[in-house]
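Have a look at the structure below before the remarks.
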Amino acid sequence: MKNPLLEKFDQPFGTIPFNDIKVHHFVPAVKFGIKDAESNIAKISKNKEVATFENTVLALELSGEKLNTVLHAYYHLFGSESDQKLKDLSDEISPMVAEFENNIYLNENLFSKIKQVYANKHKLDDPEDIRLVVLTYKDFTRNGAALNDKEKQKLREIDKELSTLSPQFSKNTLNATNKFELWLNENQLDGLPESVIEAARIAAKEKDESEKWLITGQFPSFSPFMKYSNQRELRKKVHIAISSKCNGGEFDNNALCKRISKLKHKRAQLLGHDNYANYILEERMAEKQENIFNLLDNLYQSCIEHAKKDLNEISQIAKKLDNIEKIKSWDISYYSEKLKRNKFNFDDNDLKPYFQSEKVIQGAFEVANRLYGLQFKPMKNIQTWHKDVNVYEVQEENERHIGVLYVDLFPRESKRGGAWMNALKSQGMVNGKILRPHISLTCNLTKPTEDKPSLLTFSEVETIFHEFGHCLHGLLSDVKYKKTSGTSVFWDFVELPSQIMENWVSEPKALKIFAHHFETNKVLPRNMIQKLKESKNFMSGTNCLRQLMFGYLDMAWFGKDNNINNVTKFEKNAIKKTQLRPDDTPLGSISTQLGHIFSGGYSAGYYSYKWAEVLDADAFEKFKMDGIFNKETAASFRENILSKGNTKHPLELYKSFRGRKPTISALLKREGLG
């Protein structure tokens, strides 16, 4: 029986034939891919010739192409379009892959050859070849190649268990998200804008309820409800359900939090580090925990008084409007919006008619065109994983092929929450040829209704530009090897290309490109642009403090090996300095649903967002000085940051663009915290 995952992809640009792939194809394809890679690696490790770059390091780089293709397809669908059967395959696939990877890293003959090449790397001429050797050697040492046999066995056991726990954490959070439903009758719609009511009506209709309205656990559904609903008791109900997600009950993640963190610490200790953070920071710009806490603490000192002022103003308007004596967690979003309306005479709802999702995407494309000369041509002959997905060929103005971009914007039950970029095919060498990338941009934004297109909040517009920045990092990669391409950089550097793109969303010259009213096509009025700029730092102290809370919590979990009995108590102690009000949600938990650090790659790395904000504010200051569409500045950013991947240390790349090290002053100025 033919397996489309193992055939040559006979699609334009070799894109994945999603329509032909069925659930039962994946496990046989993974097994075949592993056998094929093992066969290739056996040839390398048994080769009697002197180990060279070509017959060892390069051969290893190219050894697992079939397996990589299958895994890219599977894990992409796992997050973007999967039923329970497809998700359950992770229980079989992840341990197989973990064991396979261990077999590579713990292969003594193979490591011996890599050490020989590493010792002679100075004899190589090409800096990219040298970089590949260094990264490969580090990968092996950081994954146990130098351990004794007993230690290697322990590492295998840890990695095998972790390979099943992280997908289970993700499944639990998705299932809990999909389970939450708040059914409303007509009398409970008070305060909700028409667009929110219509979205709730469509959600109910999809569940065969035409006389009710439904608020779901998806962010684009419950977030505007919390922002606009006059029903305080219902806001409380939603807040408690969302904030306590996976903290007990059917989809409890408490045990997984404790076990994942403990295993990561044990793994780090096997490899010679006191804790997981110290292990991770070997390969980060921050280098050591002291530098992380210096950043977090400096920002804390800058934002705490601003955050207290924010809370005081919210409390005052709650008292003034509704005589509320003690503001609660379920009031913050609601009265923040009231305060914003009071201060600036507009809110997100006023802006939404100007932010039609299709036009925002086209606006992002136009910004990329003005900066980098890119063109995005719609393609109708590419297979996708869902009817909502649009596909574009990315070209330069001379029609040179740059890559393929998939855009998937709206939530569904088969898709995990959040927003992300994914490389379906990374740029780099395959079978001796350097191929261009296939990249996906995935979000969970406000869906269209029956009579209106998808109209976005300003925050959702920023989300599109953020993820599009990651996509540009992947698309504009121009290196030899996949291991060093695109977003394969230090995690506290990877957010620079994404976060810098958010800056254009607030610039009048960029807004005029895409902020057009969906009915009249009129450009966002100048007075509203001015209000938008004036309100940009609204609640900036609170927003900064919230990000710091995640950073402190992450470091509490992974900066020290703890024996944690009660996750909720541990968490509340870790973040208490960021909490400005008495706790009113006893079962609320961030940890039990924080996939970034328990099922993503941000363990001991959540600080990266603030770290990269320092970089992006400093870098965008250069664009502002030269002109936000200055071709020379854009060319320098592309050449020194976007195209280089992990071919050099990120600080070296940054200094090549900026001419110096980054400073924090631009961020504090931008956020109004200076």
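The values are calculated or read from the model by the stated rules, or taken from the named source; none is laboratory data. Since we're looking at a predicted model, the values are computed, not measured. Reconstructed Cβ throughout: ideal geometry from the backbone, glycine too, with neighbour counts over all protein chains shown.
A few points about this structure:
- Qualifying position, being assigned by TED's automatic domain parsing to the domain that holds Glu502, surrounded by 22 or more Cβ atoms within 10 Å (Cβ to Cβ) and not small (Gly, Ala, Ser), among Leu651, Leu615: Leu615
- Restricting the search to helices (runs of 4 or more DSSP H) fully inside the range 29-127 and requiring at least 2 residues that are over 29 Å from Gln383 (Cα atoms) gives 90-105, 108-119.
- Search result, residues across the range 187-198 that are within 24 Å of Lys352 (Cα to Cα) and either assigned to a helix (DSSP H, G or I) or among the polar types (S, T, N, Q) (or both): Gln188, Glu194, Ser195, Val196, Ile197, Glu198
- Candidates Lys447, Lys433: the one that is crowded, with 20+ Cβ neighbours inside 10 Å and either among the charged types (D, E, K, R) or free of Cβ contacts under 8 Å to residues at least 24 places away in the same chain (or both) is Lys447.
- Among the residues listed as Leu441, Leu456, the single one being surrounded by 22 or more Cβ atoms within 10 Å (Cβ to Cβ), touching a strand residue (DSSP E or B) at 6+ places or on another chain (Cβ under 6 Å) and either of a type in the set (A, V, I, L, M, F, W, C) or more than 22 Å from Gly601 (Cα to Cα) (or both): Leu441
- Residue in the range 102-121 that is at pLDDT 95 or above, out of contact with any helix residue (DSSP H, G or I) (no Cβ under 9 Å at 6 or more places or on another chain) and not assigned by TED's automatic domain parsing to the domain that holds Leu424 present: yes
- Residue among Glu108, Glu128, Glu92, Glu101 that alone is closer than 30 Å to Lys387 by Cβ and either among the charged types (D, E, K, R) or surrounded by 20 or more Cβ atoms within 10 Å (Cβ to Cβ) (or both): Glu92
- Scoring Glu209 on the criteria (1) in contact (Cβ under 8 Å) with a residue 12 or more places away in the chain; (2) out of contact with any helix residue (DSSP H, G or I) (no Cβ under 6 Å at 6 or more places or on another chain); (3) part of a helix (DSSP H, G or I); (4) not aliphatic (A, V, I, L, M) leaves a single failure, condition (3).
- Top-ranked residue of the range 14-65 - restricted to ones that are among the hydroxyl-bearing types (Ser, Thr, Tyr) and touching a residue at least 40 places away in the same chain (Cβ under 8 Å), ranked as surrounded by the most Cβ atoms within 10 Å (Cβ to Cβ): Thr56
- Contact map, the range 77-93: first residue hydroxyl-bearing (Ser, Thr, Tyr), second residue in a loop (DSSP other than H, G, I, E, B) and surrounded by fewer than 19 Cβ atoms within 10 Å (Cβ to Cβ), Cβ cut-off under 7 Å, separation 6 or more or different chains; pairs are Ser82/Ser414.
- Filtering Lys482, Lys512 for residues that are among the basic types (Lys, Arg), over 18 Å from Ile439 (Cα atoms) and more than 15 Å from the chain's Cα centre (by Cα) leaves a single hit, Lys512.
- Residues that are closer than 20 Å to Gln188 by Cβ, of a type in the set (Asp, Glu) and modelled with pLDDT of 95 or more within the range 210-254 comprise just one, Glu233.
- Residue match in the range 354-363 (condition: under 30 Å from Lys87 (Cα atoms), in contact with a Gly (Cβ under 8 Å, 6 or more places away or on another chain) and crowded, with 20+ Cβ neighbours inside 10 Å): no
- Matching option when the condition is at pLDDT below 95, surrounded by 14 or more Cβ atoms within 10 Å (Cβ to Cβ) and hydrophobic (A, V, I, L, M, F, W, C), among Leu668, Leu642: Leu668
- Summed over the range 459-472, residues that are at pLDDT 95 or above and either under 20 Å from Tyr354 (Cβ atoms) or not assigned by TED's automatic domain parsing to the domain that holds Leu424 (or both) total 8.
- Evaluated against (1) more than 27 Å from the chain's Cα centre (by Cα); (2) surrounded by 15 or more Cβ atoms within 10 Å (Cβ to Cβ); (3) not in a loop (DSSP other than H, G, I, E, B), Asn3 falls short on exactly one condition, (3).
- Each residue in the range 282-295 was checked for being surrounded by fewer than 21 Cβ atoms within 10 Å (Cβ to Cβ) and in a helix (DSSP H, G or I), and 8 pass.
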